[in-house]
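What follows is one structure encoded as structure tokens, with my remarks underneath.
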Amino acid sequence: MRAVVTAEQGASPTLAELATPEPGAGEVLVRVEASSLNGFDTAVAAGYLAGMMEHRYPVVLGKDFAGTVEAVGDGVTRFAVGDRVFGVVTKAFLGDGGFGDYVVVGDEVGTAAIPTGLDTVIAGVLGLAGTAAVDALTASAPRAGETVLISGATGGVGAIAVQYAAAAGARVIATARPGAETDLVRSLGATEVVDHTGDLAAQVRDLAPDGVDVVLHLAGDGAALATLLAEKGRLASTLGLGPDQHPAATAVMAHPAPATLDRLAADAAAGRITVPVARTYPLAEVPAAFGDFAGGTLGKLAITFD
């Protein structure tokens with residue numbers, strides 16, 4: 001099968017030919033039709049996770065996947081051959097990934113059915129970013145009428161978080177540059193927009209003199225953002241800022257439980273949330289997509305398979 005891999009620590013992603021994997025007990029083999037690029041993938045490719053997780057080289061990159069079940073291992077009860085599924089690769093090691101024609105994943109955590117009405121490409125960009133958004137909002141629990149500052153609002157996680165926070169009745173302050181970025185976050189439900197290339201703190205204090213109730217730290221300096229919290233404010237960080245750095249902070253590690261994936265898929269299929277896709281790449285062009293991702297995107301970079 002074709003796969004985009006990193007052959008050794010810090011090696012640039014390349015397209016390679018590998019043997020098609022086989023599912024073990026409790027696993028399913030998925031023929032991948034769509035995936036997406038996440039910050040986690042760029043961190044793996046850069047070698048930042050060496051020593052933190054086992055790497056089984058060549059490491060097939062890619063956390064997200066969407067496609068069709070091709071085979072099932074012993075003991076699998078949730079899925080059958082032919083089922084349409086999506087999700088997040090959640091293995092304890094790095095080696096199997098969604099940037100290949102096939103991927104073996106568990107049939108419990110990280111995998112869910114694609115509902116009728118949900119486009120496969122959207123399913124392929126939804127899993128990790130959507131889960132991170134839901135888990136960050138669960139950790140910070142914004143309520144109707146509260147003010148939520150979302151730093152990193154134009155990325156894949158932020159775009160979904162803006163929508164869910166607005167749907168909860170919160171006043172959303174989103175970070176975005178003027179122009180297309182501002183237009184995007186406003187279309188997703190942001191009440192106010194602040195330009196993170198300027199004096200962010202001053203802009204936020206003008207809008208919320210007593211501080212914001214919630215900060216979602218998806219980009220930028222988490223410690224600086226924490227200074228903008230109200231007295232009883234909460235901060236949820238997908239970038240590792242936790243209570244050791246600030247008492248109001250919770251470090252969030254996305255956990256793609258079936259219930260979370262089902263919720264995301266149902267909301268996307270029904271149009272309650274939209275997932276902006278900035279560009280779509282065929283598998284062979286994924287190595288180039290890493291450079292584009294580093295330059296910043298509006299929403300997600302999708303990957304499709306022939």
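In µm²/s, what is D for the range 1-45 at 37 °C and 0.692 mPa s, where D = kT/(6 pi eta Rh) by Stokes-Einstein and Rh is the Kirkwood radius from Cα pairs?
This corresponds to a translational diffusion coefficient of 263 µm²/s.
Sequence-distant or interchain residues sharing an amide H contact under 5 Å with LEU94, placed H: which?
Hits under the 5 Å cutoff: GLU54, HIS55, ARG56.
Give me a comma-separated list of calculated 3J(HN,Hα) values for the range 42-55, in order, Karplus coefficients 6.51, -1.76, 1.60 applied at θ = phi - 60°, integers in Hz, x for any Gly or Pro.
Values, residue by residue: 5, 5, 5, 4, 7, x, 5, 9, 4, x, 9, 9, 5, 10 Hz.
Can you compute the FRET efficiency between THR68 and LEU18 using 1/(1 + (r/R0)^6), with r the Cβ-Cβ distance and R0 = 22 Å? Round to the nearest 0.05.
0.70
Could you give the length gained by full extension between ALA270 and LYS91, i.e. 0.36 nm per residue of separation minus their alpha carbon distance, to one decimal place?
On the way: separation 179, 0.36 × 179 = 64.44 nm, distance 3.01 nm.
Difference between extended and current length: 61.4 nm.
Tell me, what ³J(HN,Hα) does each residue in the range 211-227 have, in order and in whole Hz, if you take phi through Karplus 6.51 cos²θ - 1.76 cosθ + 1.60 with θ = phi - 60° and put x for Gly and Pro?
x, 9, 6, 9, 10, 9, 8, 10, 6, x, 8, x, 5, 5, 5, 5, 5
In straight Cα distance, which lysines are under 26 Å from LYS63, not counting same-chain residues fewer than 8 positions off?
LYS91, LYS300
Might you report the magnitude of the Cβ-based charge dipole of the range 138-234 about its Cα centre, with Lys and Arg at +1 and Asp and Glu at -1, to the nearest 20 debye?
Magnitude of the dipole: close to 260 debye.
Where a number appears in this text, it was derived from the coordinates with a stated rule and is not lab data. Here the structure is a predicted model, which means the values were calculated and not measured. Note that we place each Cβ from the backbone using ideal geometry, even for glycine, and neighbour counts take in every protein chain shown.
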